[in-house]
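The block underneath contains the structure these notes are about, expressed in structure tokens.
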């Protein structure tokens, strides 16, 4: 029998217990040491670089921020933040 020990991503403790499933079907774990919940192999919560480039290209082709918001399902504030970052204006703040 193979025993796999999972470690808490927050406190590095080995005291994880299974605690149901997340809405996307992944196994949830509860750390008895730091009292936090986590998942095994969590998916990233950010847009990929390819997706960001595609959206910024659409903006450069004269699409409005609200149009991009409707088309791609991305907040216009996120697009504005990416534009500031890509033009170097974020370093001036």
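Computed from Cα positions, the angle between helix 76-87 and the longest principal axis of the chain comes to roughly 70 degrees. Compared with the dominant Cα axis of the chain, that is its longest principal axis, helix 49-60 is turned about 20°. Across the chain, the relative contact order, built from alpha-carbon pairs under 8 Å that are at least six residues apart, equals 13 percent.
Under the classification rounded if a/c is under 1.5, otherwise prolate if a/b is larger than b/c and oblate if not, where does segment 49-92 fall, given a ≥ b ≥ c as square roots of the Cα gyration tensor eigenvalues? Prolate is the answer for segment 49-92, as a/c is 1.5 or above and a/b outweighs b/c.
Coordinate range of the alpha-carbon atoms in the chain per principal axis, descending: 59, 31, 23 Å.
Mean projection of the Cα convex hull over all viewing directions, computed for segment 1-43: 3.4 nm². Helical content of the chain, expressed as a calculated mean residue ellipticity at 222 nm, amounts to -10500 deg cm²/dmol (DSSP H runs of 4 or more residues, -39,500 (n - 2.57) each, divided by residue number, nearest 500).
Rule-based calculations on the coordinates, nothing more; no lab input. None of the values given here were measured: they were computed from a predicted structure.
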